[in-house]
Amino acid sequence: MGVIGYGLGVIGAGLAIGLAAFGATGAMARQPEIQGRAFTVFILASAFAEALGLIGFVLTLIS
Amino acid sequence: MDAFAALPEEINHLVAEFSSAPVAGDLTVGLTQYSFWLLVAAVVFAVVMAVFVKKQTLVPRGVFVNGVEYLIEYVQNDVAKGVVGTGWRRHFPFLATIFLFILINNFIGLIPGCKPGTGAIGCTAALALVTFVYFVYFGCKKHGVIGYLKSLAPAGVAFPMNVFVWVIEVFSLLLRPITLAIRLFCNMFAGHIVMGSFSIMAAIFAEPLLEHFSAMNAVGALPSLAWLAILLIIYAVELIVAFVQAYVFTVLAAVYIQIAEAEGH
């Protein structure tokens, strides 16, 4: 049951990281000179989103 | 397929291994394996800084001095100057300490056989609590206690909405240390569980080969090569995560300090 819950929870995090990558690649394609900064912001944003997915993972394990 | 039969038990064993267990004393007074590695990290941190201060010359020489200086300048320019803005000089020591401490903890956890001090919820909660007290203290110092409480609600909102927004802002203020603590803890804990599971996978398939060498067992051990490759990739990702999580914690601390000190938030 817990594994199913984690699967459901990770949908949101997956969508969020996908959206972040979408925005970052779009920005890089429009303005290649912004690549470095866009990549940093992308890593930051995916770290935030990833944390939400990991909360689900850890809750599955410890509860 | 009998390789997978042993998997749930191994995973349970792995998770049990990662929960805090006392190595000396008991859970109330004593050392858990996490606090032991936390102490190790603190000692490493102190030694690195002492050596760095001693070796410092006008023109930095060598990989070590330049490397530490690069990290410190990174915090100074990217986090302190970039996020806190004016008055960054006062907050720079705090931010640099937090960044380097978490970084050293995370990297020590990546050495096989060691555990990250930040992989226990108690440690990250303490770090987050220190950050919380720090930015509330500086907010109160800047605006006064009443002024700080008032500044939580944005200026220029009409009366009844004002109170409503203030309540929401107080909730978000109280949630900040919790999210800080849980983000760091979950990243370190989950990252190590994932690495552990993949090494278990690699070991399970290779086990028959180690016990008894035959062509059948050699073919059966082939999947463990794939698991090993994935393990290496995950390890590389964890190297990035160790750095990014230290960076995220520091940036968020800087953002909260900046918000607390901002005029007319």
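At a glance:
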item	result
Span from the the stretch B:10-27 Cα centroid across to the the stretch B:74-112 one, whole angstrom	30
Candidates A:Ala29, A:Ala49, A:Ala38: whichever shows maximal mean-square fluctuation once chain A is modelled as a Gaussian network with Cα springs under 10 Å	A:Ala29
Shielding of A:36-47 by partner chains, average beta-carbon count, 10 Å	2
Zone of B:Lys150's modelled label, taken as backbone nitrogen in the stretch B:230-259 under 20 Å from a point 7 Å along Cα→Cβ	B:259
Spatially proximal aspartates and glutamates relative to B:Lys150 (Cα-Cα < 16 Å; intrachain offsets below 8 disregarded)	B:Glu169, B:Glu261, B:Glu263
Alpha-carbon gyration tensor eigenvalues x 5, square-rooted, for the stretch A:5-51, Å	25, 10, 4
Fewest-first ranking of B:Met188, A:Met1, B:Met161, using other Cβ atoms within 10 Å as the exposure measure	A:Met1, B:Met161, B:Met188
The stretch B:108-193, relative contact order [Cα under 8 Å, separation at least 6], %	43
Test item: B:182-189 mean partner chain Cβ contacts at 10 Å	5
Loop sites in the stretch B:36-86: trypsin sites (Lys or Arg not before Pro), DSSP, at most 15 other Cβ within 10 Å	B:Arg61
Fewest-first sequence of B:His192, B:His212 by Cβ atoms within 10 Å of each Cβ	B:His212, B:His192
All-pairs alpha carbon distance profile, the protein assembly as shown, 20 Å steps from 0, percent	25, 54, 19, 2, 0
Where the Cα pairs of the stretch B:63-116 fall when distances are cut into 10 Å bins, in %	24, 42, 26, 7, 0
Stretchable slack from B:Tyr137 to B:Ala215, in nm (0.36 nm times residue separation minus alpha-carbon distance)	21.3 nm
Built amide H within the under 5 Å cut-off of B:Thr32, gap 5+	B:Val23
Other protein chain Cβ atoms within 10 Å, averaged over every residue that makes up B:242-255	2
Structure-based [θ]222 nm, the protein assembly as shown - -39500 (n - 2.57) summed over DSSP H runs of at least 4, per residue, nearest 500	-27500 deg cm²/dmol
Gyration tensor over alpha-carbon atoms, chain B, equivalent ellipsoid semi-axes in Å	43, 25, 17
Span from the the stretch B:34-68 Cα centroid across to the the stretch A:5-55 one, whole angstrom	33
Straight-distance crosslink candidates among aspartates and glutamates, where the alpha carbon sits under 16 Å from B:Lys115 and sequence neighbours closer than 8 are dropped	B:Glu17, B:Glu238
Those aspartates and glutamates that a straight Cα-Cα span of less than 18 Å connects to B:Lys55, excepting residues fewer than 8 apart in one chain	B:Glu69, B:Glu73
Spin-label pair B:Val130/B:Asn66, simplified geometry with 7 Å Cα→Cβ offset, distance in nm	3.1
Whole-Hz ³J(HN,Hα) from phi, Karplus 6.51 cos²θ - 1.76 cosθ + 1.60, for the stretch A:45-58, glycine and proline x	5, 6, 5, 4, 5, 5, 4, 5, x, 5, 4, x, 4, 5
Quotient of Cα Rg and 2.2 N^0.38 Å for the stretch B:25-139, N being how many residues it contains	1.20
At least 27 Å along the helix axis (C-alpha) and Kyte average at least 0.0, DSSP helices within chain B	B:33-55, B:88-110, B:121-143, B:159-211, B:222-261
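A short reminder: the numbers here are calculations on the coordinates, not readings from a lab. As the structure is a prediction and not an experimental result, all values here were calculated from the model. Virtual Cβ from ideal backbone geometry, glycine too; neighbours counted across all protein chains shown.
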